[in-house]
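The values are calculated or read from the model by the stated rules, or taken from the named source; none is laboratory data. On a predicted model such as this, the values are computed, not experimentally measured, just so you know. All Cβ positions, glycine included, derive from the backbone under ideal geometry; neighbour counts span all protein chains shown. With ligands, DNA and RNA removed, areas are computed over all heavy atoms of the protein, side chains included. Shrake-Rupley method; radii C 1.70, N 1.55, O 1.52, S 1.80 Å.
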Amino acid sequence: MIPPISARVGHDAAVRRLKGLSEQLAQVQEQISTGKKMQKPGDDAIAFARIATLRRANDGAEVQRKAMDAAAARLSASEVALAGIADLAARAKELALAGRNGALNASDRKVLAVEVRELLAAARGLAEARGADGEALFAGVGVAPSYGDDAEGLAVWAGLGLPPEVATVGRRIAAGITGPEAFGVTAPLDPLAPPPDPEVPPPPRQRNVFDSLAHLADSLEETRPLFFDAAMDEAIAAIDDHVGGLAGAQALLGARAARLEAETDRLDRSQLEMKSSLSKLEDTDMTEAIARLDRLSVVLEAAQASFARASRLSLWDDIR
């Protein structure tokens, strides 16, 4: 006997309800097992699109964070190397003042000159310092070595351009300092200048810190009194300028590091907000999900029992 239309409709509705409850139960179980309440765009198209946007922004922030960390490491390494050269320049100034003392004889000054040349070698070594990425710190965007020697034996910057920069919101921060910015530049000789007079000390010449140290060592070994006095006065003035210049370069690096640290803090806060928003959109609230799972389980069991009783269409079932 074919059941009435109304009975079949009720039966189909009950089956659909059971199926819906089973699907909801399976969905909650998946949310609990994966920890994510958003599994596919169909779950919530607007929320899913927002999650995709936040993930892209967070991925971009991660890339920027890595670049900022690399820049901070380069700045820190540059500060260490520059501080070492500043200490060497300060020691050279002490030796220059001691050598200018008329109480020292030529032999004493030669001993000082030997130490100055050692300071020069140490300074040239620090000028070739490299960062964690293996790039020369004072060569700008160029490759090592940062300095070479020209035909006169003078130290010449062999770098290229400006130091690498890291992009932040609305501005760029230089991740270092170039050799000329930190150590000065040696002025070339004027090709039109008259030949030097062997009886008159040469005029002062602008030199970078390395050439100034070399000039100081040569000046300490000068035996002609007139030339010695002029050379030592020039050397002391130059070293004194370099001590101030190196302090200024250290301050510049410190300011860039402080700006980068501030931008890093801002990026950290921004990422924290993005991750919090992502968590609210896609992470499963375990307490709520477990409570819902228990509720659905009870409802499904009750619905199945009700469906089983309602489906007893056979007279023999009633007799039993």
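Quick notes on this structure:
- Options Ile51, Ile46; residue that is crowded, with 18+ Cβ neighbours inside 10 Å and of a type outside the set (Asp, Glu): Ile51
- Tally, over the range 161-184, of residues that are farther than 22 Å from Ala127 by Cα and open to solvent by 90 Å² or more (accessible area, probe 1.4 Å): 3
- Residue in the range 247-269 that is touching a residue at least 40 places away in the same chain (Cβ under 8 Å), out of contact with any helix residue (DSSP H, G or I) (no Cβ under 9 Å at 6 or more places or on another chain) and within 30 Å of Ile51 (Cβ to Cβ) present: yes
- Of all residues in the range 265-278 being open to solvent by 20 Å² or more (accessible area, probe 1.4 Å) and within 16 Å of the chain's Cα centre (by Cα), the one that is nearest to Thr168 (Cα to Cα): Arg266
- Selection within the range 85-121: residues that are in contact (Cβ under 8 Å) with a residue 40 or more places away in the chain and of a type outside the set (A, V, I, L, M, F, W, C). The member of this set that is surrounded by the fewest Cβ atoms within 10 Å (Cβ to Cβ) is Lys110.
- When restricted to residues that are under 21 Å from the mean Cα position of the chain (by Cα) and open to solvent by less than 10 Å² (accessible area, probe 1.4 Å), the range 122-156 contains 5.
- Leu82 under 15 Å from Thr264 (Cα atoms) and either crowded, with 19+ Cβ neighbours inside 10 Å or modelled with pLDDT of 95 or more (or both): no
- Set Ala187, Ala193, Ala231: member being open to solvent by less than 90 Å² (accessible area, probe 1.4 Å) and assigned to a helix (DSSP H, G or I): Ala231
- Residue match in the range 27-40 (condition: assigned to a helix (DSSP H, G or I), of a type outside the set (Val, Ile, Thr) and either surrounded by 18 or more Cβ atoms within 10 Å (Cβ to Cβ) or modelled with pLDDT of 95 or more (or both)): yes
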